[in-house]
1. Looking at the stretch A:98-130, which of its residues are of a type in the set (S, T, N, Q) and more than 7 Å from chain B (Cβ to nearest Cβ)?
2. Please indicate, with yes or no, whether at least one residue in the stretch A:48-67 is within 16 Å of ligand 2 (Cβ to nearest atom), more than 9 Å from chain B (Cβ to nearest Cβ) and in contact with a His (Cβ under 9 Å, 6 or more places away or on another chain).
3. Identify, please: which residue in the stretch A:132-147 is out of contact with any Leu (no Cβ under 8 Å at 6 or more places or on another chain) and at the interface with chain B (Cβ under 9 Å from one of its Cβ atoms) and is, among those, most open to solvent (accessible area, probe 1.4 Å)?
4. Suppose we filter B:Ala385, B:Ala393, B:Ala358, B:Ala333 for residues that are of a type in the set (A, V, I, L, M, F, W, C), farther than 21 Å from B:Gly542 by Cβ, part of a helix (DSSP H, G or I) and open to solvent by less than 40 Å² (accessible area, probe 1.4 Å); which single one remains?
5. Scan the stretch A:161-173 and tell me whether some residue there is at pLDDT 85 or above, loosely packed, with under 15 Cβ neighbours inside 10 Å and over 15 Å from the mean Cα position of the chain (by Cα).
6. Scan the stretch A:1-37 residue by residue and report those that are within 10 Å of ligand 1 (Cβ to nearest atom) and under 22 Å from A:Ala83 (Cβ atoms).
7. Would you check which residues across the stretch B:441-459 are in a helix (DSSP H, G or I) and open to solvent by 30 Å² or more (accessible area, probe 1.4 Å) and list them?
8. I'd like to know if the stretch B:559-581 contains one or more residues that are among the acidic types (Asp, Glu) and within 18 Å of the chain's Cα centre (by Cα).
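The values are calculated or read from the model by the stated rules, or taken from the named source; none is laboratory data. Everything quoted here is computed from the prediction, not taken from an experiment. Don't worry about glycine lacking a Cβ; one is built from the backbone with ideal geometry, like all the others, and counts go over all protein chains shown. Accessible surface is based on the protein model in full, side chains and every heavy atom, while ligands, DNA and RNA are left aside. Shrake-Rupley method; radii C 1.70, N 1.55, O 1.52, S 1.80 Å.
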Amino acid sequence: MQTAVLRTENLSKSFGGLDVLSGITFSAGENENVAIIGPNGAGKTTFFNVLGGQLPATSGRIFLVGQEVTKLPPDRRLHLGLARSYQINNLFFTLSLLDNMLLALYGAEHSHLHLLRSLYGRRDYAEEARRMLELMELWDKRFEIVAALSYGDQRLVEIALSLATKPKVVLLDEPTAGLPTSEALGFAAKIRRLTTDITLVFCAHDMDLVFNLADRIAVLYFGEILCEGTPGEISCNAKVQEIYLGQGSKGAAGNA
Amino acid sequence: MERILTIFLIGISFGSILFLLSAGLSLTMGLMRIVNLAHGAIFMVGAYVGLAVTNITGHFTIGLLGGAVAAGLVGLIMEAGFLRRLYKQESGQVLLTIGFIYIIMNVVQWIWGAKPLSGIVPGSLSAVIGIGDFYFPVFRFFMIGFGLLMAVLLWLFQDKTKVGATIRAGMDNRQVATALGINLKRLFTAVFALGSFVAGLCGLLGAPLMGINLQVGWDALLLAMIVVIVGGTGSVQGTLLGAMIIGLVDAFGKAYFPDIAYFAIYVALILILLFRPSGLLGRPFSIQKTAEEMTQSVTLSAKMPLSIPAATGLRKPGARQRLYRLAPFIGAACVLIMLGPLLPSFYLGMLTKVLIYAIFAISLDLMMGYGGLTSMGHAAFLGVAGYTVGILAVKEGIGLFWVLLPAGIVVAALISAIIGYICLRVSGTYFLLVTIAFGQLLAIVATKWYKVTGGTDGLVGIKRPDLGIPGFNLGPIGFYFLVFIALVVCFAVLYRIVTSAYGRALVGVRENEPRMRSLGYNTWRLKYVAIIISGTVAGVAGVFLAYYYGAMVPSTLAIEMSTAGMLMVILGGPGTLFGPFIGAIVVVLGENISLTYVPDRWPLILGGIFILCVMLLRGGFAPYLSRLYQRFRPEPARITDLGGVPDLGEVPDLRES
Ligand SMILES: Nc1ncnc2c1ncn2[C@@H]1O[C@H](COP(=O)(O)OP(=O)(O)OP(=O)(O)O)[C@@H](O)[C@H]1O
Ligand SMILES: [Mg+2]
């Protein structure tokens, strides 16, 4: 097996007495696109929060390119190459789109002294911001404040912020959440364009997106990985069909 | 043994009063997340009205109730009329309630005068009982009994009725609660009024311990706040525990370490902050905001950002653009330079004061407007720098400006590094509360450390700066220009900082700290650096203020000084540097005018301005002024060949954010 870029060992998280994640052992290899699916409340967002460092793990360990990061704060994890996006847009709403992008790019800086130059003075960052905004077809809107963008555009920005620093691994929490199905497809193509050469771990209810992007699928059910496999294997898996079809096709309908 | 028992009882009785005082604050803060800094002033209303009613009716019990009803009414008006519209906007609530403090205190002064009144102990409770060799007033037992009774009642109310759970559910999800048929608005108002009622109830009861005077409004706030931080918000048990601990610490401190007793409760506070920042029994005080609420301007700054010019194809602003941007500053500088020799000395003095306050206000703005770190203790940094100058000049006889200025600045930087470290143990509203405590702590140090600081008399006789140039004596005009240069330097430094990537990152922290962390920023360090820079620049203002008055008194460190700075920032426009400068002009001139025409009503006007700013003028004057100025924006020149330079369009102006 190739080296795992992101790996967890027996990762658990509980809130008070409620075990939301119990003993998750999971890994994602280089350049792999892994989808995590599971019904509402399965613990997908919590898993991402623990991976990203937004919530502390109750027990278990997390490794990023071989290095243990379980106890590191989110900013240190980012510097080691782990970035994430959020299920609910989590942006700098009152700042311009360009500023949002530049803030994400400067996030890669370790030192505060670097930060003392003019925001727009870094040529490499300016070029990168332009490249990404053009890729997202948002260049023309760069001076608009993010709150003024359409929801779909905000959704794109949400993802672009997490990709700006060229992370090794990116965690996308329901990237198409809240988008109408008609938009979601074009969105998948944009994500694909933006995430080449990156290990992508994402979760989604939208099966079109999952089968469009994923090389491998892991099914999370009540805080445990129920099964893992290629899209083909998972779609034939009896247990998965039971979860998704047996309880009504709630999940497959692409709700968010 | 008996001595210890007596001290213990003294502590417990004080603790009971503290509990009654703090219960409302803890309730509204923990459950409803309403930050009511006027809580101490409401307590004060209870005391004054209670005393008046007792004197009229001759019944202590009726007096207690009268005070409580009056306090409850004030709470009712505040919540239903104002706070209700500032749901989940802590910064707005903070500023609004500061406004109410000023108004309430000034009205109380209007009615009852500035002289302290003395509390009363009803005849039936005025006996004392002996404990060994010590005497203990029965009234204190009454306090203890009453406090415990109220604790039980409040606990039943909060935990055994569904009120607590309902409010909590309502906070998390208004729609659900409303759908369940609960009238949240009315419930919130009722609970808020109840908290005020309880505080008012103990106004008269606690008068023998707290006194009935105008200072009580601040003192009570400070004590309540320390109790709430130590105990943790949101639970009756936590508040009770915090109150008892503070009561006992105070009593034992006064008995065994009388010299430093004033600091005992602050030591307790600092220890809690360092080792258990969420309080002993606290639920963490944090507000999860939805994306929608975040866009609805959680911050102090203007809701509508300035329209940023459309892309033009220019990477760097052209000469005309640069002139356009600099023109207001050059203009202002020219006016200030010309006014120097022209103004008569009285007005020159006033203008000098404006400039000093402007340095103070822009320094606070870095933290508050850009970093979202609302501080109510900023005067501490100004004050320590001023005191450093005062002590060195008056006690050590050092006159050289080039020694005193750096000394003041360095001390301000050091103190801000220490205070900032402790304050950053907590965030949001707690941060604000802790900054109040530190400001007040330093004011107490200045009052009590007589040998060094001159106590309440302060340090008098600081001469005008000696620049060390032989044969040259700095006159009022020279001093004015010195201050002017200091302002220009401070402005330029801060300007550079806020337009840097660091400045933008600071705004990012203000807007959305969790996301900044996910993006790789050590947000703690960003904030810490902001506090230190901010405190250092405030130190510059402090040095000049010491020279300006020729004296340093403890009030320069105190809360009123800090709130004056806050007002300049919010009035002018937080998150802009020129806004607070305008705010400083308005506030200093306003104070002078009001002192000429309505000498006693300035706090009332001040409070009114606070409330107006919060309710109507969000973002201050600045956005209006810049929108006006943008009409004069020149057409940018177009350059077609960019020569491979990354084209960002015309670089937007970062001064305002
Ligand atoms: N901070 C918290 N405190 C208590 N329980 C929580 C917390 N966060 C999540 N949970 C619980 O953990 C469970 C998993 O939630 P999570 O948000 O991870 O699910 P999810 O798989 O992302 O669901 P969805 O598909 O709806 O986004 C839920 O039952 C939720 O109520
Ligand atoms: Mg989720």
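1. Residues of the stretch A:98-130 that are of a type in the set (S, T, N, Q), as a first pass: A:100, A:111, A:118.
Within the stretch A:98-130, A:Asn100, A:Ser111 qualify.
2. Going through the stretch A:48-67, the residues within 16 Å of ligand 2 (Cβ to nearest atom) turn out to be A:48-52, A:54-55.
When the remaining residues are screened for being more than 9 Å from chain B (Cβ to nearest Cβ), the result is A:48-51, A:55.
Add one more test, that the residue is in contact with a His (Cβ under 9 Å, 6 or more places away or on another chain), and what stays is none.
Scanning the stretch A:48-67 turns up no residue that is within 16 Å of ligand 2 (Cβ to nearest atom), more than 9 Å from chain B (Cβ to nearest Cβ) and in contact with a His (Cβ under 9 Å, 6 or more places away or on another chain).
3. Applying the first criterion (out of contact with any Leu (no Cβ under 8 Å at 6 or more places or on another chain)) to the stretch A:132-147 yields A:134, A:137, A:140, A:147.
Remaining after also requiring at the interface with chain B (Cβ under 9 Å from one of its Cβ atoms): A:140, A:147.
Working: A:Asp140: 138, A:Ala147: 42 Å².
Across the stretch A:132-147, the extreme among qualifying residues is A:Asp140.
4. On the way: B:Ala385 fails: farther than 21 Å from B:Gly542 by Cβ; B:Ala393 fails: farther than 21 Å from B:Gly542 by Cβ; B:Ala358 fails: farther than 21 Å from B:Gly542 by Cβ.
The unique qualifying residue is B:Ala333.
5. no
6. A:Lys13, A:Leu21, A:Ile36, A:Ile37 - these are the residues of the stretch A:1-37 that are within 10 Å of ligand 1 (Cβ to nearest atom) and under 22 Å from A:Ala83 (Cβ atoms).
7. Filtering the stretch B:441-459 for residues in a helix (DSSP H, G or I) gives B:441-448, B:450-453, B:455-457.
Answer for the stretch B:441-459, where residues must be in a helix (DSSP H, G or I) and open to solvent by 30 Å² or more (accessible area, probe 1.4 Å): B:Leu442, B:Ile444, B:Val445, B:Thr447, B:Lys448, B:Tyr450, B:Lys451, B:Val452, B:Thr456, B:Asp457.
8. To start, the set of residues in the stretch B:559-581 that are among the acidic types (Asp, Glu) comprises B:560.
Now restrict to residues that are within 18 Å of the chain's Cα centre (by Cα): B:560.
Looking for residues that are among the acidic types (Asp, Glu) and within 18 Å of the chain's Cα centre (by Cα), one finds at least one in the stretch B:559-581, hence yes.
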